[in-house]
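The next block holds one structure in the form of structure tokens; read it before the comments.
The values are calculated or read from the model by the stated rules, or taken from the named source; none is laboratory data. Only a predicted model underlies this, so the values are computations on that prediction, with no experimental measurement involved. Neighbour counts are summed over all protein chains in view; Cβ atoms, including those assigned to glycine, are modelled from backbone coordinates with ideal geometry. Heavy atoms of the whole protein, side chains included, go into the accessibility calculation; ligands, DNA and RNA do not. Shrake-Rupley method; radii C 1.70, N 1.55, O 1.52, S 1.80 Å.
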Amino acid sequence: MTHESTVIPSNDTDRGINEPHMPRLRLKPEPQNSTSVPIGSVDGAWWPYSTDLEAELPELLAAVITRLGPIDRVAYELNGWDSRTTRLPFAGRSVRLDGYRFQPHGTVYVTGVDGRRLVILVVPPHCDPDAAHRALSVAAQAGNQSLVTELLSNAAPQTTADRQLQQPHLTTLETSNYPTA
């Protein structure tokens, strides 16, 4: 069965003060069979609420446990997160947290106890909501083979110049067909 795991709240202000965050996560559809080779550099994208890894991970792990089963380890880029804990209690286990300087920028690797792994693009928490949702959507497209740097560029807000480049421009010949006042 293939399905896309999508958990994205429609409005961040809908959360109550004491309510847990819902992970803003989109994953590519599950492979058809266990021998399928993953396509692309990431399996999906996550937009955490902050750079506090210890606070953010429980919701992410709760969402991906359905795909990976019990979680053994999370590898992350050291420079992208505030906290540096090495263990996180989760679902009756102690999940190992390994920070690396050589970890690809903007990713976390979540590994299940059976060795299955998800590579997840991390959209910066301060990202513009439209740009973040664009990055989440592109990263989760089945068959998407974009590199992490390309996916993170989707998270950059469009500037006025970008929007103007996307607008059709009239050439001098085209504008000469319009009546003048």
* Structure fact -> For VAL148, the lone unmet condition from (1) β-branched (Val, Ile, Thr); (2) closer than 23 Å to GLY40 by Cα; (3) modelled with pLDDT of 95 or more is (3)
* To do: Evaluate the stretch 83-101: report whether one residue or more is at pLDDT below 95, under 22 Å from ALA139 (Cα atoms) and open to solvent by 60 Å² or more (accessible area, probe 1.4 Å).
  => no
* Asked: Would you pick out the residues in the stretch 102-142 that are in contact with an Asp or Glu (Cβ under 9 Å, 6 or more places away or on another chain) and among the polar types (S, T, N, Q)?
  -> GLN103, THR107, THR111
* Asked: Regarding ILE120, is this residue in a loop (DSSP other than H, G, I, E, B), in contact (Cβ under 8 Å) with a residue 40 or more places away in the chain and either touching a strand residue (DSSP E or B) at 6+ places or on another chain (Cβ under 6 Å) or open to solvent by 30 Å² or more (accessible area, probe 1.4 Å) (or both)?
  -> no
* Asked: When you go through (1) part of a loop (DSSP other than H, G, I, E, B); (2) modelled with pLDDT of 95 or more; (3) among the aliphatic types (A, V, I, L, M) one by one for ALA62, which number turns out not to apply?
  -> (1)
* Selection count, the stretch 19-40, where residues are in contact with a Ser or Thr (Cβ under 7 Å, 6 or more places away or on another chain), at pLDDT below 95 and within 19 Å of ALA155 (Cβ to Cβ) -> 1
* To do: Could you tell me which residue of the stretch 139-150 is surrounded by the fewest Cβ atoms within 10 Å (Cβ to Cβ), considering only residues that are in contact with a strand residue (DSSP E or B) (Cβ under 8 Å, 6 or more places away or on another chain) and part of a helix (DSSP H, G or I)?
  => VAL148
* Among the residues of the stretch 65-82, write down those that are within 16 Å of ALA45 (Cα to Cα), open to solvent by less than 30 Å² (accessible area, probe 1.4 Å) and either assigned to a loop (DSSP other than H, G, I, E, B) or of a type in the set (Gly, Ala, Ser) (or both). => ALA75
